[in-house]
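Trainee: Structure below; questions to follow.
The values are calculated or read from the model by the stated rules, or taken from the named source; none is laboratory data. Just so it is clear, the model here is predicted, and its values are computed rather than measured. Using ideal geometry, Cβ is built from the backbone for each residue, glycine included, and neighbour counts are taken over all protein chains shown. Accessible surface areas use protein heavy atoms only, side chains included; no ligands, DNA or RNA. Shrake-Rupley method; radii C 1.70, N 1.55, O 1.52, S 1.80 Å.
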Amino acid sequence: MADSDSNSKARSDASNAATSATASSRPGKWRRFLRHRLWDEADAKRVLPAEALSRLALRVTESEQLHTGEIRLCVEASLPLSYLWRHACARERAVAMFGKLRVWDTEHNNGVLIYLLLAEHAIEIVVDRGLNQRVSPQEWRSIIDSLGASLRQGRFEQGLMDAVSAVERLLVTHFPPSADVPPRNELPNAVVVI
């Protein structure tokens, strides 16, 4: 079984390399590069001003009183140059931020990162293994689709509030607080804006 897994991974890696090589010769590469260079932190602060960020942080704080999970929000205007040069996708960056923000480092392995990449209108939800094994991919897709609809309407704050509520419902179901031990805050609740 391990051999077939490594063979399929090797085929996948070769396929990805072929796709990357083809992508580098396409004019779309330069459009993507320019789109990312046009977005900066000021754009992120425009769509989510300081007051909205405060309300979102408060919403996360309130949510975390109802379960033992941890929710982090990360809004990034554009990918770093190193990601653009190697044709990295939003998912790769979200997984990296999941690690960098230590969302994986929770007692019950139930951290959730909701990540927005504004330059590509990309939404990623990265979930630690404790919760991921209890929730179907369709449930995560539903949250992403709902958030996407709000973002297309320009309702960034409300979309993120709704996403926090949806993740909260899953965490309350699968990781309710213990009667004798109140939930503790393991990670900062402030929205990360890059």
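Trainee: How far apart, in nm, are the 7 Å Cα→Cβ label points at Arg91 and Ile194?
Mentor: Reported label-point gap for Arg91 and Ile194 is 1.8 nm.
Trainee: Using a Debye calculation, one point per C-alpha and no hydration shell, please list log10 I(q)/I(0) for the chain at q = 0.07, 0.09, 0.15 Å⁻¹ in order.
Mentor: Ignoring solvent entirely, the Cα scatterers give -0.23, -0.38, -0.96.
Trainee: Give me the one-decimal nm value for the distance between modelled label points at Glu51 and Asp162, 7 Å along each residue's Cα-to-Cβ direction.
Mentor: 2.2
Trainee: Using label points projected 7 Å from each Cα along Cα→Cβ, tell me how many nm separate Asp43 and Glu107, to one decimal.
Mentor: With each label point 7 Å from Cα toward Cβ, the separation is 4.1 nm.
Trainee: If you don't mind, another one. Heavy atoms only, probe 1.4 Å: what % of the accessible area of the chain goes to carbon and sulfur, would you let me know? Spell out each step's value before the answer.
Mentor: Values: 5730 of 10470 Å².
Whole-percent figure for carbon plus sulfur exposure: 55.
Trainee: Please work out the average accessible area per residue across the chain, using the 1.4 Å probe convention, and give it in Å². It would help to have the intermediate numbers written out before the result.
Mentor: On the way: 10470 Å² over 194 residues.
On a per-residue basis, 54 Å².
Trainee: Right, another one. For Ser146 and Phe33, compute 0.36 nm times the residue count separating them, minus their Cα-Cα distance, and round to one decimal in nm. Show your work: numbers first, answer last.
Mentor: On the way: separation 113, 0.36 × 113 = 40.68 nm, distance 2.78 nm.
That works out to 37.9 nm of additional length.
Trainee: Checking understanding here: applying a Kyte-Doolittle mean of at least 0.0 and a length along the axis of at least 18 Å (C-alpha), which whole DSSP H helices in the chain pass? Present the calculation step by step, with values, prior to reporting the outcome.
Mentor: Numbers: long enough: 2-24 (32 Å, -0.88); 50-63 (20 Å, 0.19); 137-152 (22 Å, -0.40); 156-174 (27 Å, 0.46).
TM-like helix candidates: 50-63, 156-174.
Trainee: Counting other Cβ atoms within 10 Å, which trypsin sites (Lys or Arg not before Pro) in the stretch 118-194 have at most 13 and lie in a DSSP loop? Walk me through the numbers on the way to the answer.
Mentor: Details: sites: Arg129, Arg134, Arg141, Arg152, Arg155, Arg169, Arg184; in loops: Arg134, Arg155, Arg184.
For trypsin sites (Lys or Arg not before Pro) across the stretch 118-194 that sit outside H, G, I, E and B with at most 13 neighbouring Cβ atoms in 10 Å, the list reads Arg184.
Trainee: Sticking with this one: If you build the Cα gyration tensor of the stretch 107-192 and take the root of 5 times each eigenvalue, what three semi-axes come out, in whole angstrom, biggest first?
Mentor: 24, 14, 12
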